[in-house]
1. Which of the three applies to the range B:2-202, rounded, prolate or oblate, going by the alpha-carbon gyration tensor with a ≥ b ≥ c and a/c under 1.5 meaning rounded?
2. What ranking of A:Met467, B:Met25 emerges when the number of other C-beta atoms within 10 Å of each C-beta is taken as an exposure proxy, fewest first?
3. Any idea how far the Cα center of the range B:83-127 sits from the one of the range A:531-550, in Å?
4. If each residue's Cβ is checked for other Cβ atoms within 10 Å, how do B:Phe96, A:Phe336 rank with the fewest at the top?
5. Using Cβ contacts closer than 10 Å as the measure, can you line up A:Lys582, A:Lys49, B:Lys48 from fewest to most?
6. Cross-link list B:Lys141/B:Lys178; A:Lys72/A:Lys515; A:Lys582/B:Lys174; A:Lys72/A:Lys600: which exceed 31 angstrom alpha carbon to alpha carbon?
7. Would you work out if the range A:505-566 is rounded, prolate or oblate? Take a ≥ b ≥ c from the square roots of the eigenvalues of the alpha-carbon gyration tensor; rounded if a/c is under 1.5, else prolate when a/b is larger than b/c, oblate otherwise.
8. How do the peptides A:409-417, B:116-124, A:391-399 rank, highest first, by the average count of neighbouring beta carbon atoms within 10 Å per residue?
Amino acid sequence: MHEPDIHDLSDDADYAAASKQGSSSMSRTDSSKRSSSSDPEDAEIVYLKDNVTIHPTQYATERISGRLKLIKQGSSLFMTWIPYKGQSSNARLSERDKNLYTIRAIPFSDIQSIRRHTPTIGWQYVIVVLSSGLAYPPLYFYSGGVREFLATIKQHVLIARSSEDANVFLVNNFQDPLQRTLSSLELPRSLAKGSPSSSFKGTPSDERLDKGTLEDNQLSNNIQQNNRQRQKNHDPARDISIQVLEKFSLVTRFARETTSQLFRESLVDGHGPAEKRRNNWASKDHQRQEIASNDVDDDVPKRVPVASDPLEFEKLSLVWGQPRQHPLGLEEWSTFLDSEGRVGDPNALKKRIFYGGVEHNLRKEVWGFLLGYYSYDSTYAERQYVVSVKKSEYETIKNQWQSISPEQAKRFTKFRERRGLIEKDVVRTDRSLSFYDGDDNPNVRLMHDILLTYSFYNFDLGYCQGMSDLLSPILFIMKDESEAFWCFVSLLERLGPNFNRDQNGMHSQLFALSKLVELLDAPLHNYFKQNDCLNYFFCFRWILIQFKREFEYEKTLRLWEVLWTHYPTEHLHLYVCIAILKRHRVKIMGEQMDFDTLLKFINELSGQIDLDPVLRDAEALCVCAGENGAASIPPGTPPSLPLQDGSIYQQQDDEVL
Amino acid sequence: MPSRRRTLLKVIILGDSGVGKTSLMNQYVNKKFSNQYKATIGADFLTKEVEFEDRLFTLQIWDTAGQERFQSLGVAFYRGADCCVLVYDVNVQKSFDDLNNWREEFLIQASPSDPENFPFVVLGNKVDVDGGNSRVVSEKKARAWCASKGNIPYFETSAKEGINVEEAFQVIAKNALKSGEEEEIYLPDTIDVGSTSQQRASGCDC
Ligand SMILES: Nc1nc2c(ncn2[C@@H]2O[C@H](COP(=O)(O)OP(=O)(O)OP(=O)(O)O)[C@@H](O)[C@H]2O)c(=O)[nH]1
Ligand SMILES: [Mg+2]
């Protein structure tokens, strides 16, 4: 059980500094308000709270404090959260982190719901979910005030408590359907953009509001910069504000000019900074690789001109993708082990597997390490011991549900429902594979038992659809029930948040994905933005089950072992998403796909994706994004270990509503 | 210029996991049943051309995941629906009890312009199982519920045997068309015009 951090804030330097910052910026706000008071319809701050804080990592000491405001302008209510300038508890949190999380004047018409968490110990926080489906990270109210916050909102916009969860407040969402009208938020997607009732989005008054209340904080974030540039320059292809990308396009050009050179040295020879890698890329041979990517998108009927890829990605993949190697075989594997079976250099092993994968007959052994079931410094003997101890531990947990009698089950709805779900799903999982096909297949039975046991091992998470997809390859490789179970447990340590009830794991990955696309392909990002595709739900299945449904079985095994190395990054899967999207960017934008068409298109890519080139592209993109890429991914985003505060809240009655 | 609405009819299929939504959709569109459909993750749709009163329509049938944990995704998919199909399994009491939730959730998330008259169709699926012997929800009970919700049309189906599937979807298409035509009053032809520039100017995109 995790002990929540309880901080005495009085001797907390960060806290004190933040408070000071808060009061000084208050006066700035006032003056700026005065300066824009010539406006007939001035913005009014109806709620202001200092020391509202984001915890970007699982460490409570790392946080970004800021000021939360509700601003009323005309009939619209906006929310802003601006981090304090120059205060950071930890050097790891840069200004860029702050920019990433800054909430600029989000109108309540764009907010779907607000979930309140009131833990018995620790700070209260809220999670704001946008109507696009994305959510902001939790906002912790260090100085209290959640109730007041909700009460203020209630005075200005229609909010209603969800009938499902008393801590969820639906914004602009009427519980009695009869009362609903063509409200601004809830119009059909195609109409909402053009309807008069929603036209305050992005009106001049919105701009004015930004200037009046936000610029004084002197936090120019990427979005603001982008907007300004866009006004000046309408070519979206040139709309890149991120310096590093400009540098990289120089590298691309340089690389193209050095085609005749051929260097066979390894691309990345350590965990060095991007600086070092850059030098290496510039010297990559590209002729050899040109052949591989000629087949992409060349039969596309181009109906509209498409903004060119800012990374000149087609060329980039020619130049930089590291060729895939043959899989790790038995002989080479033994060179990684000492006489007693320890892996001497785990990083070298991971790197090797990242570039080539593992031969099938070795997977059972190697996956145990990659998933964390075995530790790298364990000996043969220790591993044998672990296997036997874990086996009896597994049996104990399994026995918990096996000993439930039919009489007992009758009075145990939750158990019956879970079992029912699992029974339905295991017979719908990889039945075309001989390992799982036919009636009364014992492996299907094993899958069932493991999943039900897991739902007892982690009763809070329980069973959720998608889990059987994650288990299937693991059982297929491990064969043994207990070993498959524990490897599955390890995998879900990292991917469990994908299945959380509040979907926060999925939200944070989709959020990170949208940030990364913005970074790596601004025209595509703008296209998604203009076509209401920014929620990235079309990538939902990819992420939820790690592309399990997108590749043939054997390729999935390969992809997974590559992802599990966490070699260039834990979040390679997000770069894989971008690599696939980029391969089809011309088609997506050229054919002007709307959300529906795009979703269908993506779903139908299943089975059509060539893994190796995509992995190469993903690696290139990851290296290219460098630190900016890492900064775009909120800490705690799966498969990073999750923020450790999810399980300590409880529902409370609320006097506000 | 004819509105897009007139030719494309959007239908959403909802119901608990495993009641047979994917199977019903495939039985209707592809005329086949397979034991190998996977549990739906995210959402997908199939389209089918239907002829009605000498006009051609494209029925866009959306199939979503039944597990409640994924319901927050609904908002992206439900909007603009012309008809909602609620499916339960006649052999599973809970799937019937949950119909009410599905209906309400849909109305909240899709926000149709006239929720009171929004067309639903209810399907009691898997009537073939065990020759009807394992059935726990009677037709009478189901019809009573449908009547209480404004006379929702009701069908007893089997996606496996293809029982009543065609008939049900004809009514679904007809009702979708009716609601689509009514909506035209609210949805003039200006759907995409002028919206792009406005969208571009909008503020935060996160
Ligand atoms: N006997 C019988 N089985 C059916 C029928 N319809 C579906 N099934 C089976 O019921 C199971 C679930 O069917 P699906 O169509 O995948 O269910 P779903 O509603 O799409 O489920 P989710 O995707 O999980 O929401 C499958 O094993 C089907 O083969 C039916 O009419 N009769
Ligand atoms: Mg389905």
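Bear in mind that the values in this text are calculations on the coordinates, not laboratory data. None of these values were measured; they are calculated from a predicted model. We place every Cβ from the backbone using ideal geometry, glycine too, and count neighbours over all the protein chains shown.
1. Prolate is the answer for the range B:2-202, as a/c is 1.5 or above and a/b outweighs b/c.
2. Values: A:Met467 29, B:Met25 26.
Ascending number of Cβ neighbours within 10 Å: B:Met25, A:Met467.
3. Between the Cα centre of the range B:83-127 and that of the range A:531-550, the gap is 26 Å.
4. If I rank by nearby Cβ atoms, fewest first, I get A:Phe336, B:Phe96.
5. B:Lys48, A:Lys49, A:Lys582
6. Correct reply: A:Lys582/B:Lys174; A:Lys72/A:Lys600.
7. prolate
8. Result, highest mean Cβ count within 10 Å first: B:116-124, A:391-399, A:409-417.
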